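See below for the structure under consideration.
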Amino acid sequence: MAEALDYTDRPWLDPEAEPFIKVQSVSKHFGDFTAVDSVDLDIYKGELFCLLGGSGCGKSTLLRMLAGFETPSSGTILIDGQNMNDVPPYERPVNMMFQSYALFPHMTVWNNVAYGLRRDKVPKSEIQQRVDEMISMVELDQFAKRKPHQLSGGQKQRVALARALVKQPKVLLLDEPLGALDKRLREQTQYELMNIQEQLGVTFIVVTHDQEEAMTLSTRIAVMDTGRFQQIGTPTEIYEFPNSRVVANFIGNANMFEGRIIENGPDHVIVESNDPKCEFFVDHGMSIQEGTKVWVALRPEKVRISKESPANSSANTIRGMVHDIGYLGGTSTYRVQVDGDHMIEITSPNMMRPRDASPPIDWDEEVYLSWDASSSVVLTK
Ligand SMILES: Nc1ncnc2c1ncn2[C@@H]1O[C@H](COP(=O)(O)OP(=O)(O)OP(=O)(O)O)[C@@H](O)[C@H]1O
Ligand SMILES: [Mg+2]
């Protein structure tokens with residue numbers, strides 16, 4: 001008998017799970033400009049879902065439609081089974097945290113957090129308890145009496161987060177929540193966000209244009225480009241199996257080769273690239289005609305670099321000359337010139353070596369680059 005599958009952490013794979021948020025063919029036009037172009041999206045309870053994409057691709061517009069600050073030109077948004085089209089922002093089970101934080105400058109931290117509960121006429125004793133708890137949770141106890149101008153960017157960010165969370169929304173929409181923070185604080189706050197999300201079980205939808213942030217935070221990512229979703233998937237799926245050049249280039253670095261399918265077997269395909277000249281043997285079949293133009297994406301960390309020729313294979317190997325070496329501590333980045341002036345980027349971990357040992361591969365050295373048959377990704381668009 002088949003074992004029951006556990007979908008707890010991956011509700012989107014569960015055929016029986018009902019999405020908490022359903023976006024159906026939603027578009028937004030501003031005059032004759034289309035900011036969001038007929039998108040479909042299902043988000044499940046407890047997800048930390050990232051909308052990722054370059055500036056102007058429509059992320060904030062989509063978030064604002066979920067919050068109710070913009071009306072879709074067409075399509076439907078359902079939250080918890082209820083059609084939101086005619087529901088005003090304050091009656092939706094969502095709360096939005098704006099990038100600018102929009103804190104009240106004349107109020108203390110405590111009063112900023114309490115504001116929404118007071119407006120909702122929550123009993124005083126309950127306000128006291130909920131605000132105190134929330135302020136502890138974001139570790140702002142010692143700042144409760146300060147005003148926003150007496151706080152750092154990261155502290156303000158946490159006040160805004162506390163203010164949004166204290167109302168116990170079922171969905172929290174965050175537009176570039178960490179945009180104003182420096183790298184260290186950003187990373188720390190990312191983990192705080194994930195902890196809070198786990199503790200409270202709120203569904204988060206986070207807008208960001210920072211791919212590392214999206215990779216760290218998310219259960220799933222939607223990669224957006226000019227108003228459409230290019231791909232929706234887990235961070236691993238999007239990184240390992242991008243479905244297009246746009247996604248492969250947007251998430252991480254990729255060496256990109258243009259070529260043609262010259263052989264298509266049941267369990268492999270061979271792609272020939274002419275410029276630079278090399279062959280890719282890929283260890284899975286594809287439903288694609290021989291002769292079709294494709295692109296091959298190869299991640300820098302999946303390429304091996306060596307001074308000796310790898311054993312007996314002409315495919316998945318290319319010769320070149322080391323043009324640049326960047327020492328980054330834990331890893332080194334090599335830029336290797338192949339077949340004319342094409343550059344291939346390789347990153348490789350720096351293993352433990354005696355500290356004063358000379359680097360094993362040097363500038364201007366002739367090297368072989370090679371990769372596994374499972375390492376390259378064939379893209380058709
Ligand atoms: N009220 C508006 N009127 C006209 N055009 C608008 C309006 N709001 C947004 N746009 C346009 O819609 C497009 C998408 O805007 P949006 O704010 O959603 O982008 P974004 O993905 O959030 O970008 P960023 O990362 O820069 O914040 C942009 O080209 C923008 O100029
Ligand atoms: Mg935006």
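The values are calculated or read from the model by the stated rules, or taken from the named source; none is laboratory data. Everything numeric in this text was worked out from a predicted model, so none of it was measured. Counting neighbours? That spans all protein chains shown, and the Cβs are built from the backbone with ideal geometry, glycine included.
Summary table below
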read-out	value
Condition broken by Ser25, with the remaining ones in (1) surrounded by 14 or more Cβ atoms within 10 Å (Cβ to Cβ); (2) over 20 Å from Gly201 (Cα atoms) satisfied	(1)
Residue satisfying condition, being surrounded by fewer than 17 Cβ atoms within 10 Å (Cβ to Cβ) and of a type in the set (A, V, I, L, M), within set Leu200, Leu193	Leu200
Flag for Tyr90 being of a type in the set (Phe, Trp, Tyr), away from ligand 2 (no atom under 16 Å from the Cβ) and surrounded by fewer than 17 Cβ atoms within 10 Å (Cβ to Cβ)	yes
Output for the stretch 76-95, where each listed residue is charged (D, E, K, R) and either in contact (Cβ under 8 Å) with a residue 24 or more places away in the chain or in a loop (DSSP other than H, G, I, E, B) (or both)	Asp80, Asp86, Arg92
Test: residue in the stretch 204-226 that is surrounded by fewer than 20 Cβ atoms within 10 Å (Cβ to Cβ), hydroxyl-bearing (Ser, Thr, Tyr) and under 29 Å from Asp37 (Cβ atoms)	yes
Subset of the stretch 123-142 [among the β-branched types (Val, Ile, Thr) and at pLDDT below 95]	Ile135, Val138
Conditions (1) of a type in the set (A, V, I, L, M); (2) away from ligand 2 (no atom under 16 Å from the Cβ); (3) modelled with pLDDT under 90; (4) closer than 19 Å to Leu200 by Cβ; number of the one not met by Ala114	(3)
Filter result for the condition that a residue is in a strand (DSSP E or B), within 15 Å of ligand 1 (Cβ to nearest atom) and under 17 Å from Asp80 (Cα atoms), over Val23, Val39	Val23
Yes/no for Met96 being surrounded by 15 or more Cβ atoms within 10 Å (Cβ to Cβ), away from ligand 1 (no atom under 16 Å from the Cβ), closer than 30 Å to Asp120 by Cβ and among the aliphatic types (A, V, I, L, M)	no
Residues of the stretch 168-211 classified as among the charged types (D, E, K, R), at pLDDT 85 or above and away from ligand 2 (no atom under 14 Å from the Cβ), total	1
Lone qualifier among Ser125, Ser73, Ser27 - being without any contact (Cβ under 8 Å) to a residue 12 or more places away in the chain, more than 16 Å from ligand 2 (Cβ to nearest atom) and not acidic (Asp, Glu)	Ser125
Candidates Lys147, Lys121, Lys170 - the one that is surrounded by fewer than 18 Cβ atoms within 10 Å (Cβ to Cβ) and closer than 24 Å to Thr61 by Cα	Lys170
Residue among Ser73, Ser60, Ser55 that alone is of a type in the set (Ser, Thr, Tyr), surrounded by 12 or more Cβ atoms within 10 Å (Cβ to Cβ) and modelled with pLDDT under 95	Ser60
Total residues in the stretch 29-52, condition in contact with a Gly (Cβ under 6 Å, 6 or more places away or on another chain) and at pLDDT below 95	1
Filter result for Gly179 (more than 16 Å from ligand 1 (Cβ to nearest atom) and either within 30 Å of Arg118 (Cβ to Cβ) or not assigned by TED's automatic domain parsing to the domain that holds Met97 (or both))	no
Filter result (without any contact (Cβ under 8 Å) to a residue 40 or more places away in the chain and either assigned to a strand (DSSP E or B) or farther than 15 Å from Glu176 by Cβ (or both)) within the stretch 42-64	Asp42
